[in-house]
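Coordinate-derived values only; no laboratory data. Worth saying up front: this structure is predicted, and the values here are computed from it rather than measured. With ideal geometry, Cβ positions are generated from the backbone for all residues, glycine too; neighbour counts draw on all protein chains shown.
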Amino acid sequence: MTDTAPQSAVRDTLAEFEAGAARAFEVAEDAETLRELESTLLGRRSRLGDLQRQLSTFAPEDRRDLGQAIQAARARLVELAGARRADLDARARADALAADRLDLTEAMSLGAGWGGPGRTDSGGGDPALPWRGHLNLVTQTRDALEDTFVSLGFSVAEGPEAETDWYNFEALNMPPAHPARGMWDTLYLRLGAPETVLLRTHTSPVQVRTMESEKPPIYVVAPGRCYRRDTPDARHLPVFHQIEGLVVDRGITFGDLAGTIEAFTTAYFGPDVHSRLRPSYFPFTEPSAEFEVTCPICGGAGCRTCSHSGWIELGGCGMVDPAVFAAVGIDAEEYSGFAFGFGIDRLAQVRVGLADMRTLLDNDLRFLRQF
Ligand code: FA5
């Protein structure tokens with residue numbers, strides 16, 4: 001027997017159900033929604049399950065045909081749900097990757113006028129060549145200082161950044177527990193006996209190393225990195241740079257020191273910046289002085305950068321103390337000398353009129369490309 005009306009009704013219901021379920025799978029927004037839809041639309045208690053159960057009311061041959069139709073519809077829907085799951089998984093992976101991504105191409109996304117490695121379009125020199133970076137302002141300043149002093153007859157020396165207590169303090173006339181050690185907040189390394197190895201707080205240990213290895217006459221500058229437990233602010237960084245100067249010869253006077261600093265200031269800053277030496281104290285020089293220039297931010301009127309003093313301290317200087325000559329075996333009766341130590345980052349800051357030294361470390365291309 002063939003009960004066509006109920007069979008066609010089941011087929012209509014099946015077709016309608018399949019179309020609705022397919023649409024629901026296609027627009028499922030996330031994996032969780034898809035899982036719920038699968039359970040509702042394909043599970044035992046689903047409409048499909050109901051249709052399956054109705055089969056027992058049909059004649060065997062109709063039951064087989066309808067059964068196959070239901071199975072085929074279920075198989076198509078299962079496949080559709082699987083495809084949707086693969087899409088959603090791929091999209092979730094892409095979103096996670098995008099969220100985790102480190103943008104190393106910032107330079108290229110800043111629009112016209114901002115170059116970056118590998119970029120060959122307009123904006124920088126030959127359009128056929130990739131844009132090139134350049135040296136950081138501090139490195140440029142260091143190079144310019146070296147050039148200035150080499151042109152004045154100095155040679156360039158170097159020393160290690162991890163130093164011993166002897167070179168950083170003791171040979172510079174600061175025996176253990178000397179109160180002047182407190183002038184430099186020191187970072188010690190866990191090497192050897194406690195507090196014997198440190199990150200140099202200034203470039204002055206290169207004075208000692210140079211005098212140990214060379215006989216006078218000595219005319220050297222020693223640029224390099226220094227470390228202090230200083231809190232970063234407008235004029236301080238915990239890692240910064242100094243350039244040390246040392247002259248040892250017969251008949252060197254404080255006048256030679258003042259003249260050298262004067263010549264350097266004019267050569268480096270030009271006529272708009274005024275400088276002064278103020279009496280000061282360093283254990284390794286006697287007499288000692290501080291070298292200051294007018295604040296370029298306020299022109300001397302006083303501002304946050306210069307702590308409202310109108311002046312910015314660039315370094316210390318003085319005549320080499322006889323105790324230092326004694327530590328390195330130079331006869332203080334025969335020779336005299338002067339030394340100075342300037343902050344390179346501070347010099348760069350003054351020269352370009354930078355209100356806050358921390359900007360040097362921001363890695364902001366809009367700042368870096370100006371120099
Ligand atoms: C010294 O370090 C002495 N060694 C200088 C010296 C050398 C005196 C030779 C006499 C003879 P002072 O601690 O003042 O001195 O530092 C010198 C300069 O280094 C400062 O004027 C400043 O320009 C720079 N400087 C010091 N600390 C910092 C810091 N945390 N960040 C940036 N620059 C600094």
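Could you check the simple spin-label distance between Asp89 and Glu32, using points 7 Å along Cα→Cβ, in nm with one decimal?
Using points 7 Å along Cα→Cβ, the separation is 2.0 nm.
Measuring from label point to label point, each 7 Å out along Cα→Cβ, what is the Trp166 to Arg23 span in nm?
Label-label distance for Trp166 and Arg23, simple model: 8.9 nm.
Can you give me the C-alpha center-to-center distance between segment 214-292 and segment 59-99, rounded to a whole angstrom?
78 Å
Are there any trypsin sites (Lys or Arg not before Pro) in segment 1-107 that are in a DSSP loop and have at most 14 other Cβ atoms within 10 Å? List them by number.
Taking segment 1-107 and a limit of 14 other Cβ atoms within 10 Å, the loop trypsin sites (Lys or Arg not before Pro) found are Arg44, Arg45, Arg101.
What is the fewest-to-most order of Glu170, Glu79 by other Cβ atoms lying within 10 Å of their Cβ?
Glu79, Glu170
Would you please report the Å³ per residue occupied by the convex hull of the alpha carbon atoms in segment 225-315?
122 Å³
Can you give the FRET efficiency to the nearest 0.05 for Asp12 and Glu79, using r as the Cβ-Cβ distance and R₀ = 22 Å?
Step by step, r from the Cβ atoms, then E = 0.45.
Taking a ≥ b ≥ c as the square roots of the Cα gyration tensor eigenvalues, with a/c under 1.5 meaning rounded and otherwise prolate when a/b beats b/c, else oblate, which class fits the chain?
The shape class here is prolate.
Would you mind pulling out the separation of the Cα centroids of segment 301-319 and segment 347-371, in Å?
Between the Cα centre of segment 301-319 and that of segment 347-371, the gap is 18 Å.
Can you find, among Leu66, Gly315, Thr305, the residue sitting farthest towards the positive end of the charge dipole of the chain, where Lys and Arg contribute +1 and Asp and Glu -1 at Cβ?
Leu66
Quick check: pseudo-label points 7 Å beyond the Cα along Cα→Cβ at Val150 and Ala332, how many nm apart are they?
In this crude spin-label approximation the distance works out to 3.5 nm.
Among Ala19, Gly224, Ser275, pick out the residue whose Cα is farthest towards the positive end of the charge dipole of the chain, where Lys and Arg carry +1 and Asp and Glu carry -1 on C-beta, about the Cα centre.
Ala19
Do any trypsin sites (Lys or Arg not before Pro) in segment 222-254 lie in a DSSP loop with no more than 12 other beta carbon atoms within 10 Å, and if so, which?
Arg229, Arg250
Return P(r) of segment 258-371 (all Cα-Cα pairs; 10 Å bins starting at 0; whole %; ordered from short to long distances).
13, 36, 29, 15, 6, 0
About the Cα centre, and with charges only on the beta carbon of Lys, Arg (+1) and Asp, Glu (-1), how big is the dipole of segment 1-75? Nearest 20 debye, please.
Dipole magnitude for segment 1-75 comes out near 320 debye.
Out of segment 3-73, which GluC sites (Glu not before Pro) are coil in DSSP terms and have no more than 12 other C-beta atoms within 10 Å?
When the GluC sites (Glu not before Pro) of segment 3-73 are filtered for loop state and at most 12 Cβ neighbours within 10 Å, Glu29 remain.
Within 15 Å, Cβ to Cβ, of Thr294, how many net charges do the neighbouring residues add up to if Lys/Arg are +1 and Asp/Glu are -1?
0
Please report, in debye to the nearest 20, how large the charge dipole of the chain is about its Cα centre when each Lys and Arg carries +1 at its beta carbon and each Asp and Glu carries -1 there.
The calculated dipole for the chain is roughly 1160 debye.
Relative contact order for the chain: what percent, with Cα pairs under 8 Å and sequence separation of 6 or more?
Answer for the chain is 13 percent.
Once R0 is set to 22 Å, what does the formula 1/(1 + (r/R0)^6) return for the Cβ-Cβ distance between Gln140 and Arg366, expressed as a FRET efficiency to the nearest 0.05?
After rounding to 0.05, the efficiency reads 0.80.
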